[in-house]
1. Separation between the residue 257 and residue 226 pseudo-spin-labels, each 7 Å from Cα along Cα→Cβ, expressed in nm?
2. Please arrange 227, 62 by accessible surface area, largest first, computed with a 1.4 Å probe and ligands excluded.
3. How big, on average over all directions, is the shadow cast by the Cα convex hull of region 81-239, in nm²?
4. Please get the size of the charge dipole for the chain, origin at its Cα centre, with Cβ charges of +1 on Lys and Arg and -1 on Asp and Glu, quoted in debye to the nearest 20.
5. Which whole-number value in Å³ per residue fits the convex hull of the alpha carbons of region 24-132?
6. Between region 99-157 and region 174-207, what's the alpha-carbon centroid distance in Å?
7. Given DSSP loops and a limit of at most 13 other Cβ atoms within 10 Å, what is the longest stretch of the chain that contains no such trypsin sites (Lys or Arg not before Pro)?
8. At 37 °C and 0.692 mPa s, grab the translational diffusion coefficient of region 62-103 from Stokes-Einstein with a Kirkwood Rh over Cα pairs, rounded to a whole number in µm² per second.
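The values are calculated or read from the model by the stated rules, or taken from the named source; none is laboratory data. Bear in mind that the values here come from a model prediction, so they are computed numbers and not experimental data. FYI the Cβ positions are ideal-geometry reconstructions off the backbone, even for glycines, and counts take in every protein chain you see. Heavy atoms of the whole protein, side chains included, go into the accessibility calculation; ligands, DNA and RNA do not. Shrake-Rupley method; radii C 1.70, N 1.55, O 1.52, S 1.80 Å.
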Amino acid sequence: MAVSRPVIVAGNWKMNSTPESAGSLATEIAAATEVSGVTRVLCPPFVCLVNVRDALVGTNVEVGAQNVHWEAAGAYTGEVSAGMLAGLATWAIIGHSERRRDQGEDDVQIGRKLVRCIEAGLRPILCVGEQLPEREVGRAEATVQGQLEETIAEVARLGAVLPNDLVIAYEPVWAIGTGRTARGSDAAAMAQHVRSTLAAAGISAERVPILYGGSVTSAAIDEFLAEPDIDGALVGGASLKVDEMAGIVARAGLTAAARQAA
Ligand code: PGA
């Protein structure tokens, strides 16, 4: 039953904030978003994790990393492994399109990263999404399906099982940081396609929360959370603004309350 899924708002701060500023931003966001029924996660840069963790003690806002490496340890200068995040973060964003674009991450590497998250007990938010030309030629669903299938195949090849608490973020690449959102109905159609792809791989897809991401703001969130197939948002730019997060989480709270009442 769709209504049993949690409602999640995750903020991806990307390469913004400093160890000096991150704690107070996290504190302010936590105080402004105390809404029952919504799981809140903040994902600051690695160097700010300890500050954000400390600032969030006593709130129930959770902490996530923006990436992990696909190996557990070794000669990978500048990288951070999933195991190193113990005590700092309980979530990790995996396969963000900016990393696919700038670091050339592919679905095999992303599958390995998922396995590292599983081993380390990190809850993964796996990002998928199509480029604009792929949507324009009608290949958006095939693209996302391919990303999921290759990632899942790598997880299986390594003998791992996808975790029960997997979260998927559908983020059309052309909507990220552009101020141009997808339509709620398109995002919902994609969420259904994601669930059928997961189900075909033997995953209990009805239990997997699917977030929308891409230029989410307090003004734009409504049409996504009005869709029963969408379970929250992965928020970039707006997650650095306290008022925006307050508005987004407040709207998410309405969905959470409606689901609890159903
Ligand atoms: P945006 O980023 O909200 O700034 O578009 C979303 C994301 O990249 O997760």
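1. 1.8
2. Values: 227 45, 62 70 Å².
The most accessible residue leads, giving 62, 227.
3. Details: hull surface 36.0 nm².
Averaged projected hull area, Cα only: 9.0 nm².
4. Values: 21 positive and 31 negative charges, 50 e Å.
It works out to roughly 240 debye.
5. Given the Cα convex hull of region 24-132, per-residue volume reads 127 Å³.
6. Comparing the Cα centres of region 99-157 and region 174-207, I get a distance of 13 Å.
7. On the way: sites that count: 180, 183.
The longest such stretch corresponds to 1-179.
8. It diffuses with D of about 298 µm²/s by this estimate.
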